[in-house]
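Report on the structure given below.
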Amino acid sequence: MHGKLGTSEKGQAESIAEGIADEAEEHGLVAELSCLNQNEKYNLEKEKDPVVFIVSTTGDGEPPDNALQFVKSIKKKTSDHYKHLCYALLALGDTNYANFCNCGKTIERSLQELGAKQFYATGYADDGVGLEVVLDPWIEGLWKAINGALSKMASDRTDYSNAGAGDSIKETPDSSIPDVQLNLLRITDQKDCGSTGASVSKCATAASASAVSDLRPAAFPSQPLGTASVSAAVPHVTLAASLTHSLPPLSESSLNVPALPPPYLDVTLKEADTVQQIVGPSNKETLHEVPISRALQLTRGDSVKTSLLLELDLAAHPNLTYQPGDSFDVFCPNKDSEVEEMLHRLGLYEQRNHSVHISLLKDTKKKGAQVPAHVPPNISLLYLLTWCLEIRSVPKKAFVRALVEHTEGGVQRRRLQELCSKQGTADYNLHVRDQSLCLMEVLSAFTSCSPPLSLLIEHLPKLQPRPYSAASSWLRYPGRLHFVFNVVEFPACIARPAGRRGLCTGWLFDLVHPVAVFPEKAAWPQVMRTLPNSLFRPPSDQSVPFIMIGPGTGVAPFIGFLQQREMERKENPDAIEELEGFVSSGALSHLKVCFSRDDPEEEEEEAEEAFTSAASPRYVQHNLLRNRKHVTDILLKQKGFLYVCGDAKNMAKDVNDALLEAIRAELQVDQLDAMKTVALLREEKRYLQDIWG
């Protein structure tokens with residue numbers, strides 16, 4: 001099979017496509033992988049083999065950068081342009097965000113309009129509940145569908161050669177292609193991650209059995225390729241399942257363990273005096289070191305959350321400007337104590353200052369293997385673990401599968417097999433994914449597991465910067481940038497007895513703790529302005545009204561909105577009508593405040609009170625419903641804007657539901673018409689979100 005691969009900005013689509021390509025070999029197929037922006041490596045215009053696209057979507061529903069050009073190009077093509085193309089598509093998204101799987105749906109709609117034929121039902125994998133819930137069964141059914149498509153294409157070619165050049169061939173459905181209905185697979189509209197396409201064609205020579213046998217544990221030689229059945233008698237000594245112990249029926253089940261991801265890196269450490277002692281991330285040309293000029297704790301000491309406002313001094317960087325609604329990236333290192341703990345766990349603490357040399361294994365079976373681009377040459381091991389690898393990331397099931405091979409204890413080895421197996425998906429989600437366990441926490445629980453450094457480099461993602469929204473206006477604070485954040489807290493659990501703070505928010509908190517203390521230059525934050533968010537901006541026409549919804553630190557960008565409008569009004573006082581708000585300046589006409597309490601016992605008794613006229617609204621959606629007449633008037637009659645900023649998981653959904661209810665009640669329409677109205681607001685870019693998971 002030939003394959004085309006388009007990567008996502010987070011790398012999830014790339015990783016999945018590579019896994020499919022590796023598994024293809026076990027099915028006697030060969031995959032060629034190409035990113036969608038590598039159009040010199042593939043040609044869909046002449047492709048005669050089945051094509052598999054793995055496609056993700058960014059947070060705002062747009063294609064990732066490496067798929068943008070492809071999406072634009074297929075929209076320009078005319079009818080029947082791809083009538084020769086046979087494809088399947090897996091869309092990755094997150095239902096915590098609007099426009100779920102929008103890029104995948106856009107590509108699929110365009111392909112169908114251009115005459116392409118689908119040989120396998122589209123899968124919509126939701127990162128909000130776990131991609132593997134849809135991903136695993138979709139991949140499992142893919143191979144039968146590919147073989148059916150290949151059989152049909154071979155049959156069509158035979159029919160064509162027998163028919164003669166002048167005969168027309170009537171297309172008929174092929175009964176050998178199954179009507180695919182997968183469990184938990186949503187064949188409906190739905191959003192976040194990058195895009196990969198893989199074109200698939202039958203290989204002339206199937207992979208040899210010996211080549212494939214290396215991809216799975218030697219302990220399971222008799223099982224079909226790609227799966228392994230494991231039976232083990234686990235003593236019933238625990239009263240409840242945990243990270244390290246399972247209960248029947250899982251503990252007594254045969255397991256479908258995925259194929260072992262083929263190793264592909266050769267990593268050596270060498271003592272050298274010339275190792276570059278780099279401080280900070282390697283992409284210095286795009287970064288700016290800026291001092292913290294002011295810090296303010298916004299919450300009281302007894303508050304459930306700790307919120308901070310930091311002011312950065314941009315005076316030394318005149319090109320580093322911004323607009324309200326823009327965001328910027330903060331680069332922070334992995335925590336020193338966690339890096340040191342990892343070095344000790346790997347048995348490499350004494351070699352921490354050795355240089356790391358990485359090359360490809362000569363006999364690797366991994367297709368398209370490359371040395372990770374985010375690991376620069378001639379760096380120390382200490383730098384690698386501090387600035388290059390996301391050691392806090394949750395190990396994916398493929399990583400867990402690889403850890404099995406480096407685990408000695410029979411019980412612990414079996415448990416890791418369970419966690420990466422199809423049967424153990426619920427346990428993996430409950431004990432690893434939902435707890436946000438990092439690799440070090442998993443290794444601390446599985447003491448007999450001793451992975452090599454190469455495994456970490458192969459499976460740990462790039463250490464990513466953390467984005468924050470500007471909470472100020474350049475007009476009000478020239479040369480200054482404010483941002484507000486909550487210090488993220490990961491609660492204690494069995495595998496994490498002490499709990500821990502978020503990586504970047506904890507680092508920023510430590511930089512200014514106590515708040516009156518400011519860091520020395522060596523510890524200044526390194527920031528990079530991201531692409532301007534041209535959509536999440538206040539209306540340029542100051543006569544246009546807009547509504548802002550932002551619980552907690554979600555109000556941050558709106559402070560910049562109001563500062564901007566206030567300053568513009570002062571510069572041009574006759575341009576807008578008189579407003580009453582933003583203190584007394586007139587920048588804000590209505591301020592609706594609500595306070596949520598953290599006592600869960602009060603929640604039930606206040607649920608009904610939240611909507612009564614006497615009760616103070618508790619959540620922002622309650623305020624929206626209470627002011628639904630004014631809200632719908634602004635949005636539908638005055639053609640105003642609605643901005644929502646904050647938590648994607650709960651708040652954004654609740655606000656959307658409240659908006660639907662407000663429109664339904666005020667316009668006296670049914671739910672479907674209300675949904676169409678909201679969809680129109682989104683389409684007109686008048687319902688805009690800046691939300692995070």
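The values are calculated or read from the model by the stated rules, or taken from the named source; none is laboratory data. If you're wondering where the values come from, they're calculated on a predicted model, not measured in any experiment. Ideal geometry is used to build each Cβ from the backbone, glycine not excepted, and the neighbour counts take in all protein chains shown.
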Exercise. Out of all the residues in segment 91-148, which are closer than 27 Å to GLU45 by Cα, of a type in the set (S, T, N, Q) and surrounded by fewer than 23 Cβ atoms within 10 Å (Cβ to Cβ)?
Worked result: THR106, SER110, GLN112, GLN118, ASN147
Exercise. Mind checking which residues of segment 302-320 are surrounded by 15 or more Cβ atoms within 10 Å (Cβ to Cβ) and of a type outside the set (Gly, Ala, Ser)?
Worked result: THR306, LEU308, LEU309, LEU310, GLU311, LEU312, ASP313, LEU314, HIS317, LEU320
Exercise. Looking only at segment 378-435, which residues are within 28 Å of SER359 (Cα to Cα) and small (Gly, Ala, Ser)?
Worked result: SER380, SER393, ALA398, ALA402
Exercise. Which condition breaks for SER282 when tested against (1) modelled with pLDDT of 85 or more; (2) of a type in the set (S, T, N, Q); (3) surrounded by 13 or more Cβ atoms within 10 Å (Cβ to Cβ)?
Worked result: (1)
Exercise. Does any residue of segment 526-548 turn out to be outside any loop (DSSP other than H, G, I, E, B), within 25 Å of GLU289 (Cα to Cα) and modelled with pLDDT of 85 or more?
Worked result: no
Exercise. Mind checking which residues of segment 408-436 are of a type in the set (Val, Ile, Thr), surrounded by fewer than 22 Cβ atoms within 10 Å (Cβ to Cβ) and touching a Leu at 6+ places or on another chain (Cβ under 7 Å)?
Worked result: none
Exercise. How about segment 18-33: which of its residues are part of a helix (DSSP H, G or I), modelled with pLDDT of 80 or more and in contact with a Cys (Cβ under 9 Å, 6 or more places away or on another chain)?
Worked result: ALA24
Seminar exercise, completed: Taking segment 50-81 and keeping residues part of a loop (DSSP other than H, G, I, E, B) and either surrounded by fewer than 19 Cβ atoms within 10 Å (Cβ to Cβ) or not assigned by TED's automatic domain parsing to the domain that holds GLY115 (or both) leaves ASP60, GLU62, LYS76, LYS77, THR78, SER79, ASP80, HIS81
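Do you know which of the residues in segment 358-404 that are part of a loop (DSSP other than H, G, I, E, B) and among the β-branched types (Val, Ile, Thr) is farthest from the chain's Cα centre (by Cα)?
THR364
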Exercise. Name the pairs whose Cβ atoms lie under 8 Å apart, with the first residue in segment 428-439 and on the phi > 0 side of the Ramachandran plot, the second not in a helix (DSSP H, G or I), and 6 or more positions between them or separate chains?
Worked result: SER436/VAL394; SER436/PHE490
For this session: Tell me which of these GLY506 doesn't satisfy, since it passes every other one: (1) at pLDDT 80 or above; (2) surrounded by fewer than 19 Cβ atoms within 10 Å (Cβ to Cβ); (3) over 16 Å from PHE483 (Cβ atoms).
Result: (3)
For this session: Quickly run through segment 645-693 and pick out the residues that are more than 21 Å from ALA556 (Cβ to Cβ), among the hydrophobic types (A, V, I, L, M, F, W, C) and crowded, with 17+ Cβ neighbours inside 10 Å.
Result: ALA658, LEU659, ALA662, ILE663, ALA674, VAL678, LEU681
Exercise. Which residues, taken from segment 116-136, are in a loop (DSSP other than H, G, I, E, B) and over 16 Å from TYR97 (Cβ atoms)?
Worked result: ALA116, PHE119, TYR120, ALA121, THR122
Exercise. Residue check: is LEU642 assigned to a strand (DSSP E or B) and either farther than 17 Å from ALA98 by Cα or hydrophobic (A, V, I, L, M, F, W, C) (or both)?
Worked result: yes
For this session: Can you work out which of the residues in segment 405-426 that are at pLDDT below 95 and of a type in the set (D, E, K, R) is nearest to the chain's Cα centre (by Cα)?
Result: LYS422
